[in-house]
Amino acid sequence: MNFTDMHIHLQDYKLNCATDIIASAQAAGVCRMVCAATAETDWSAVAALADKYPQTVVPAYGVHPWYAETTTSGWEHRLRKRLLSAPEALVGEAGLDGLRGDLSIQKTVFAVHAQLAKELRRPLVVHAVKATAALSVFLPQMPQKFMIHSFNGRPEHLPPILKAGGYVSFSASILKNHHGQEIVRMVPENRLLFETDGPYQGPRKETEQTPLFLPVLLKQLAFWREEDPQKLSVAAETNAKEFIYGK
């Protein structure tokens, strides 16, 4: 089986070397990783990884809502320039977080990402935590392709996202959700994606999550959906290619 890790922060690994992470992932069938930036300060690190591993690392450039308040004058022009210099790049990680930071500033910063994604016809990677009402305002403004990464909300949060054309990416967090099985079963097969959010969401606080977790995640999600793991793997990989490349 082949996998695409739809959301990982290769530039943030501390206990493991990104080069080793990529090598072990490739050996395990993880053929592609979307490496998401979180602030302007790590755009260059993400670019370096994408340049070194062009067939494996797909860059995504943006400003995470936690760091929305750190943006400086002209950041949006620099982001646009960065995206134009990398035709393969996605937009993100960007979004809204009701647990941390100034939501009003996050909305302003997120609006820039959504507009850039529409203008440049790029997929948008969305962080959305405890921000259902705020996100609903943006759904009509979303680009043609957007995904909610590491979805871990409530079942009633899904229909508006799906109606707006969104993809839903699951990580280890969904396995701890009391409504996990119901949520996973609600997502149409052609909108479902997998990710690790590594190095975060490790099995223990002192460990880092790696792409080697993807087969474990697939097995549980297939069990919940009462589907064959191989069939679900093929569907998710097809979705990943369509989301990233449009095919």
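Residue count for segment 161-200, restricted to those that are under 19 Å from Gly98 (Cα atoms) and assigned to a strand (DSSP E or B): 0. Residues in segment 9-58 that are touching a Pro at 6+ places or on another chain (Cβ under 7 Å), of a type in the set (A, V, I, L, M) and closer than 26 Å to Lys81 by Cα: Met33, Val46, Ala47, Ala50.
Quick grid of which residues meet (1) without any contact (Cβ under 8 Å) to a residue 40 or more places away in the chain; (2) outside any helix (DSSP H, G or I); (3) farther than 21 Å from Gly95 by Cβ:
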| residue | (1), (2), (3) |
| --- | --- |
| Asn152 | yes, yes, no |
| Pro159 | yes, no, no |
| Leu214 | no, no, yes |
| Gln230 | no, no, yes |
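Considered as a group, the residues in segment 146-164 that are open to solvent by 10 Å² or more (accessible area, probe 1.4 Å) and in contact with a strand residue (DSSP E or B) (Cβ under 7 Å, 6 or more places away or on another chain) include one that is nearest to Pro215 (Cα to Cα), and that residue is Ser150. Tell me which residues, restricted to segment 25-41, are among the hydroxyl-bearing types (Ser, Thr, Tyr) and either surrounded by fewer than 22 Cβ atoms within 10 Å (Cβ to Cβ) or at pLDDT below 95 (or both). Scanning segment 25-41 gives a single hit, Thr41. For segment 192-199, the count of residues that are within 18 Å of Ala240 (Cβ to Cβ) and open to solvent by 60 Å² or more (accessible area, probe 1.4 Å) is zero. Of the residues making up segment 23-34, those that are within 18 Å of Glu237 (Cβ to Cβ) and either among the polar types (S, T, N, Q) or within 18 Å of the chain's Cα centre (by Cα) (or both) are Ala25, Gln26, Val30, Cys31, Arg32, Met33, Val34. Considering (1) in a helix (DSSP H, G or I); (2) over 20 Å from Gln201 (Cβ atoms), the lone condition that Ser24 does not fulfil carries the number (2).
Restricting attention to segment 116-136 and to residues that are assigned to a helix (DSSP H, G or I) and in contact (Cβ under 8 Å) with a residue 24 or more places away in the chain, the residue that is surrounded by the most Cβ atoms within 10 Å (Cβ to Cβ) turns out to be Ala117. The set of residues from segment 15-32 being within 21 Å of Met147 (Cα to Cα) and out of contact with any Leu (no Cβ under 7 Å at 6 or more places or on another chain) comprises Cys31, Arg32.
Can you find, within segment 55-92, the residue that is surrounded by the fewest Cβ atoms within 10 Å (Cβ to Cβ) among those that are of a type in the set (Val, Ile, Thr) and more than 27 Å from Thr19 (Cβ to Cβ)?
Thr72
The condition of being among the acidic types (Asp, Glu), closer than 22 Å to Gln144 by Cα, in contact with a Gly (Cβ under 9 Å, 6 or more places away or on another chain) and open to solvent by less than 60 Å² (accessible area, probe 1.4 Å) does not hold for Asp12. Whenever a residue of segment 90-109 is under 16 Å from Thr72 (Cα atoms) and assigned to a helix (DSSP H, G or I), its partners that are open to solvent by 10 Å² or more (accessible area, probe 1.4 Å) and among the acidic types (Asp, Glu), lying with C-beta atoms within less than 9 angstrom and at least six residues away or across chains, give the pairs Ile105/Glu69; Gln106/Glu69; Val109/Glu69; Val109/Glu76. Does Tyr167 satisfy the criteria of being surrounded by 17 or more Cβ atoms within 10 Å (Cβ to Cβ) and within 13 Å of the chain's Cα centre (by Cα)? Yes; evaluated as a whole, the condition is true for this residue. Out of everything in segment 2-21 that is closer than 14 Å to Tyr200 by Cα and of a type in the set (D, E, K, R), what residue ends up being nearest to the chain's Cα centre (by Cα)? Ranking the qualifying residues of segment 2-21, first place goes to Asp5.
The values are calculated or read from the model by the stated rules, or taken from the named source; none is laboratory data. For clarity, every value in this text was computed on a predicted model and none was experimentally measured. Note that each Cβ is placed from the backbone with ideal geometry, even for glycine, and that neighbours are counted across all protein chains shown. We work out accessible area using only protein heavy atoms, side chains counted, and drop any ligands, DNA or RNA first. Shrake-Rupley method; radii C 1.70, N 1.55, O 1.52, S 1.80 Å.
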